[in-house]
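See structure below.
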Amino acid sequence: MIKNKEINLASPEYYFNRELSWLDFNLRVLLEAKDDHNPLLEQLNFLSIGSSNLDEFFMVRVAGLQDQLKFGFNQPDTKTLLTPEQQLIAISEKNRQNIKLQYELFENLKSKLSNYQITSTTPEALSAEEHKEISRYYHKAIFPILTPLRIDVYHPFPHLNNKLLHLFIKLKNGDKKHSAIIPIPSLVSRYYVIRNGDERKIVFLEDMIANYLYTLFPGFEIVDYFVFRITRNADLDINEDSAVDLLLAIEDFLIQRKKGMAVRLEVDQRNSKTDLTGSIQFLMSELELKERDYYDVHGPLDLTFISKISSTFKSDFPELAYHPYEPTIPKELENENLYSVVETQDVFLHHPYDSFESIVDFINQAADDKDTWAIKQTLYRVSKDSPIVLALKRAAENGIQVTVLLELKARFDEENNLHWAKELEESGANVLYGVSDLKTHSKITLVVKKKKGKMIRYVHLGTGNYNDQTAKIYEDMGIITTNKEIGEDATLFFNYLSGYSDNPDYSRLYVSPNNIRLSFFEYIEKEIELHKKYQTGRIIAKMNSLTDKKIIMKLYEASQIGVKIDLIIRGICCLKPGVPDVSENIRVRSIVGRFLEHSRIYYFHQNGKRHLFLSSADMMTRNMVNRVEIEFPILDERIKDEITSIIDVYLADNVKARELQTDGSYAYIRNEKEAINAQNTFMNKNKRESNEDSAERKNEIPSKKRIDRKPFDQNNHTIYPIIFLLIFIVGVILASIFDRTFLIIVASITLIFFVYQHFQFKLQEKNTRI
């Protein structure tokens, strides 16, 4: 123990660099293209996801490091003490290895696709008939929108758009040499498919244009060409303090983003015939890039197009894609009014296994209910045709008080959020644009209804965005509750967002900035104290990324005294596990699969008391210091049991889970136990429960039909007494004419039949309940 106290837990040897850890995560994404547990078209799709991830990484993280150098900021990062320059060099080295592997996997998967008669080719390799087909396509759909840009003293180097493909052309006219650039239109499909029976040939747009360059430069000799692509800085700052109108500031920001400094140059020169070094150096000079920023790629640039190819052929080859998965409605909500159920119990939702429709219904029903007085919601990322926003608009038009915080600073969603902000304002909703100098990343909805003279607060809290599209592929969790304290906290939270007030004192919620981090300190410290007394210390945390140094040091402290810690971290992890006397009681695993693991779960054993929280926040400094986030407790023991059982499945995964090693590498978890793929387990569980419910309903139908076919059903129960009454009246009339004995006989018969029908109905009613 004395030895442990002498260890400096802040030492850089106990940490991984954030940016390099992210590249390790993207490597795990790319390696899914190698995993035969994934169908062929899905393997291809992971290469597309890896490219999309990398674009954002360069536009934000690499751009940020380059900005630091540009402005003379040379401070090392707080964990590994690498300077910005050292990080950029390390990123370049590691990323080149990733890209080399990515294109090797691409070539391998292309060869597998050829077994299904799907191939990529060039115009030169086409038959005469096929060449006629692409010639018609080029001249009708492509040639009219191409714009060649010459480069000379009268035509300076043009501004080239972010992430757009370009052709660089070397030309000759007599003895004179010329250069030109052709931007490749982004609105045209990246590829053209030639179908000939069962055979499908893919021709890339850039190859098609290159084949017809003579149509753009008549009279000039085409000496050579290559394809290139620029990535620009998209992480520009918004000066909120000087902004008179944040809407206008964001609109201006979106324009400026397109003009951001170049941060990467990618070149595909596979088809070149001459030495292109001079042309590439010319581009780098104009773009002010260094050698570390240049990537010579041996394959088609920008593999994000693969996702569209994958979608194109899924209908032809469904066996090469994931089996369709249909989310289910939670059992307690089937055929029940959601609000009625929530008034009696908390409802837990685990997406995408539980349908997001329950959340859409939560807003839709509130929007159309005359008892609804107010709806308040935070929105970070929503879909382009969001049913949530449409419901909020309708609610406002219905006279309900609607308040929406729509975060305009949600990176790469600013334009979509601007559109919805204007739409909501026009409908009469109160729209908040965010909190100054903070991003509001929390996921919370408050619905207030007045029933029988009493105000009831219904609260939804979640880990993921209110986005009906990403909810199909993102794994997230949430609860809907009428818990009084949580309802009061939700009211305080929205008043904090919309008015002038300090961060309130909450009863049940922890809200960042700062309070979520303090809660982690508090619960980790408590776990340490209880472990010293009972030796039962246990912490489990699931998140997207772990970067906060203070939290990591606290976890190291817990590990040193013996607390067992399991971390399930999909992405970045700066904590180094398995270090003797520091982190030997910490295990870190990562799961990359069909769905994006996005939920944040924090479990503290607390000697059996089991404190369990869900949150919109990761254990990242930005989430806990620079954002408005919510961490909320699970109070219902039934739901607590369900979430801990879900955690157990994640910890048992030995198919998709990889474990982080002390050297920074990740290794698949393999053992002799039954094979468990966590995501498949959850899908199968929901499917099985749904089938069981369907079977129960089918078993009920025959008995109901038998009851309906009986001559004396519920309708007859109301009809027959009327018939008997009429008979009785007729008997009275006959008795007045003939004899009183006749009346007694008719009355007796009527009474016997009435009693018989009554008991017959009661028997049927009992059978129906059974």
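The values are calculated or read from the model by the stated rules, or taken from the named source; none is laboratory data. Just so we're clear, the structure is a prediction, and the values are computed from it rather than from any experiment. FYI the Cβ positions are ideal-geometry reconstructions off the backbone, even for glycines, and counts take in every protein chain you see.
Here are some notes:
- Among the residues of the range 498-506, at least one is farther than 26 Å from D413 by Cβ and crowded, with 18+ Cβ neighbours inside 10 Å.
- Single match in D346, D369 (criterion: under 17 Å from T463 (Cβ atoms) and in the same structural domain as A395 (by TED's automatic domain parsing)): D346
- Looking only at the range 40-78, residues that are of a type in the set (F, W, Y) and over 23 Å from N161 (Cβ atoms) come to 3 in all.
- In this entry, L518 passes the filter for residues that are in the same structural domain as Y603 (by TED's automatic domain parsing), within 28 Å of the chain's Cα centre (by Cα) and at pLDDT 95 or above.
- Tabulated pairs, the range 662-678, first in the same structural domain as G578 (by TED's automatic domain parsing) and modelled with pLDDT of 95 or more, second assigned to a loop (DSSP other than H, G, I, E, B) and hydroxyl-bearing (S, T, Y), C-beta under 9 angstrom, 6+ apart or interchain: T662/S583
- Residue in the range 494-508 that is within 14 Å of I565 (Cα to Cα) and of a type in the set (F, W, Y) present: no
- Total residues in the range 336-379, condition farther than 23 Å from E407 by Cβ, in a helix (DSSP H, G or I) and over 24 Å from the mean Cα position of the chain (by Cα): 6
- Positions within the range 317-335 being out of contact with any helix residue (DSSP H, G or I) (no Cβ under 9 Å at 6 or more places or on another chain) and surrounded by 13 or more Cβ atoms within 10 Å (Cβ to Cβ), in sequence order: P318
- Taken over the range 111-126, the criterion of being among the hydroxyl-bearing types (S, T, Y) and in contact (Cβ under 8 Å) with a residue 24 or more places away in the chain is satisfied by Y116, T119, S120, T121, T122.
- Screening the candidates I238, I255, I250, I230 for the property of being closer than 29 Å to L54 by Cβ, of a type in the set (A, V, I, L, M, F, W, C) and at pLDDT 95 or above yields one hit, I230.
- Residue in the range 447-464 that is nearest to P352 (Cα to Cα), counting only those that are in contact with a Gly (Cβ under 8 Å, 6 or more places away or on another chain) and assigned to a loop (DSSP other than H, G, I, E, B): G464
- Breaking point among (1) buried (at least 20 other Cβ atoms within 10 Å of the Cβ); (2) among the aliphatic types (A, V, I, L, M); (3) in contact (Cβ under 8 Å) with a residue 60 or more places away in the chain; (4) in contact with a helix residue (DSSP H, G or I) (Cβ under 8 Å, 6 or more places away or on another chain), for L81: (1)
- For the range 6-56, a residue qualifies if it is of a type in the set (K, R) and either touching a helix residue (DSSP H, G or I) at 6+ places or on another chain (Cβ under 9 Å) or assigned by TED's automatic domain parsing to the domain that holds D663 (or both), and the qualifying residues are R18, K34.
- Hey, I565 surrounded by fewer than 23 Cβ atoms within 10 Å (Cβ to Cβ) and either modelled with pLDDT of 95 or more or closer than 28 Å to K34 by Cβ (or both) or not: yes
- Annotation: P76 fulfils all but one of (1) surrounded by fewer than 19 Cβ atoms within 10 Å (Cβ to Cβ); (2) in a helix (DSSP H, G or I); the unmet one is (2).
- Residue match in the range 192-200 (condition: surrounded by 12 or more Cβ atoms within 10 Å (Cβ to Cβ), touching an Asp or Glu at 6+ places or on another chain (Cβ under 8 Å), assigned to a loop (DSSP other than H, G, I, E, B) and at pLDDT below 95): no
- Taken over the range 164-178, the criterion of being surrounded by fewer than 17 Cβ atoms within 10 Å (Cβ to Cβ) and either within 39 Å of the chain's Cα centre (by Cα) or hydroxyl-bearing (S, T, Y) (or both) is satisfied by L164 alone.
- Within the range 469-497, the residues that satisfy the criterion of being surrounded by fewer than 18 Cβ atoms within 10 Å (Cβ to Cβ) and acidic (D, E) are E485, E488.
- Sole residue being touching a residue at least 40 places away in the same chain (Cβ under 8 Å), more than 29 Å from L40 (Cβ to Cβ) and assigned by TED's automatic domain parsing to the domain that holds F305, chosen from I91, I134: I91
- Looking across the range 279-295 at every residue that is over 19 Å from I184 (Cβ atoms) and touching a strand residue (DSSP E or B) at 6+ places or on another chain (Cβ under 8 Å), the one that is surrounded by the most Cβ atoms within 10 Å (Cβ to Cβ) is identified as D293.
- Among strands (runs of 3 or more DSSP E) entirely within the range 495-598, having at least 2 residues that are in contact with a Ser or Thr (Cβ under 9 Å, 6 or more places away or on another chain) singles out 538-543, 564-569.
- Candidates N74, N53, N8 - the one that is closer than 30 Å to Y556 by Cβ and touching a Ser or Thr at 6+ places or on another chain (Cβ under 8 Å): N74
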